[in-house]
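Notes for the one structure printed next.
The values are calculated or read from the model by the stated rules, or taken from the named source; none is laboratory data. A quick note: this is a predicted structure, and the numbers were derived from the prediction, not measured. Note: ideal-geometry Cβ built from the backbone for every residue, glycine included; neighbour counts use all protein chains shown. Heavy atoms of the whole protein, side chains included, go into the accessibility calculation; ligands, DNA and RNA do not. Shrake-Rupley method; radii C 1.70, N 1.55, O 1.52, S 1.80 Å.
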Amino acid sequence: MSKVTKEQVLRSSGVNVLKCMRCGKCSATCPSYDEMEYHPHQFVYMVEKGDLEPLLNSDSIYKCLSCYACVERCPRGVEPAKVVEGIRNAVLRQSGMNHIKAENIPEMLDEDLPQQAIVSAFRKYKR
Amino acid sequence: MTFSYYPGCTLKTKAKDLDRYGRKAAEALGVTLEELPDWQCCGGTFSMSKDEIASKLSAVRSLASAKDKGNDLVTLCSACHNVLKQTNDAMKNDPDFSAKANNYMKLDVPYNGETNVIHYLEMLRDKVGFDKIAEKVTNPLTGKKIAAYYGCLLLRPGKVMQMDNPENPTIIEDFIKAIGAEPVVYPYRNECCGGYVTMEDKALAKKKSNKVALSAAENGADMIITACPLCLYNLNKNADESDIPVYYFTELLAEALGVKD
Ligand code: SF4
Ligand code: SF4
Ligand code: SF4
Ligand code: SF4
């Protein structure tokens, strides 16, 4: 994977990671906490340190539900979900890094699945 | 009262009841919903990245076309509402994004977030009034214990959505009272059901959906109501440890107004 820089992630997410006071409230409220190897507060902290490689290679980026709980409940207005999204988009933008492929969609479908789920998954998991 | 109306792709297909009952109920309340003639699918979820421009343009086009009509734009699907509201906020408050989007779209007059986007529930509360609705109810749902499921997208991020207090909302509970039923407040009403992760990690979607459905049932609810087709799907299909029924709020409104067929 070509180099993804800290500056690139900061610019894309628009987040000021320096505002974080490391209280961990974002991670405590995250509904995907158990499924994540790195938690929202670690995304913020590790991007601040420029320690991107573990995040770029972790499945944690696909576990965020975009539920905005961390955004709403962070006492410092850091908006950790935007950092998670910034890392995920950096990965997806590398060619060949689509997390789901169109040809795999049919096997995921059932008669009740709303279009919304498919359209959203395309936006969150592929380019 | 006339509004522009954005149905969204899901309401044209899997969630026809959300749309159909929403239209019938509006008619009974003396509200005219004019479907935007040239709406495009909003993409289902807002891209939080500032450098994502192209994927936000379909929402911008719908918003700009509503501006030409000159009425408030009413949404019904929670997800569409969230996407349109957040995109509109970016057009208004992020000059870099709005310059780029306007540049792509080449409109005669630039669009800068002028359209007022309101959810159907806000239309009921702020334009019609829950007291007026209560007067028009012919078939009150007396004795029914109903759990409102807000999920995430109606309320958050609160500073953009501005529908209600994101941690202690009352709008759907007030709606439930207006149709003559009894609201059940329970801890998971504004926690996520898993959303689109059902496409990536079914086990996670099941875990989250079961938490919501079981929490509503444990607190004594007979049913759950929602404004979101994906919430409905998750709470019906992925919440496999509970059999509490889930309905669109518009179906109950139509029933209470006596216009459900
Ligand atoms: S809640 Fe906010 S301040 Fe606390 S750790 Fe998370 S990002 Fe940092
Ligand atoms: S938006 Fe993502 S990271 Fe934030 S609380 Fe929700 S699932 Fe967790
Ligand atoms: S949120 Fe859904 S239903 Fe609404 S238009 Fe967008 S994708 Fe389609
Ligand atoms: S589908 Fe789930 S993720 Fe979406 S609004 Fe409904 S609660 Fe949130």
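Values computed for the structure shown
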item: Lone qualifier among B:Ala134, B:Ala147 - being of a type in the set (Gly, Ala, Ser), out of contact with any strand residue (DSSP E or B) (no Cβ under 9 Å at 6 or more places or on another chain) and at negative phi; result: B:Ala134
item: Residues being farther than 13 Å from B:Arg61 by Cα and open to solvent by 20 Å² or more (accessible area, probe 1.4 Å) - total across segment B:96-119; result: 4
item: Residue list for segment B:193-219, restricted to those being open to solvent by 10 Å² or more (accessible area, probe 1.4 Å) and either in contact with a strand residue (DSSP E or B) (Cβ under 6 Å, 6 or more places away or on another chain) or not in a helix (DSSP H, G or I) (or both); result: B:Glu200, B:Asp201, B:Asn219
item: Top-ranked residue of segment B:138-183 - restricted to ones that are in a strand (DSSP E or B) and hydrophobic (A, V, I, L, M, F, W, C), ranked as farthest from the other protein chains (Cβ to nearest Cβ); result: B:Ile146
item: Helices (runs of 4 or more DSSP H) enclosed by segment A:53-94 - at least 2 residues per element that are more than 9 Å from chain B (Cβ to nearest Cβ) and open to solvent by 20 Å² or more (accessible area, probe 1.4 Å); result: A:53-56
item: Per-region count, segment A:104-127, residues open to solvent by less than 50 Å² (accessible area, probe 1.4 Å), touching a residue at least 24 places away in the same chain (Cβ under 8 Å) and either within 16 Å of ligand 1 (Cβ to nearest atom) or more than 7 Å from chain B (Cβ to nearest Cβ) (or both); result: 1
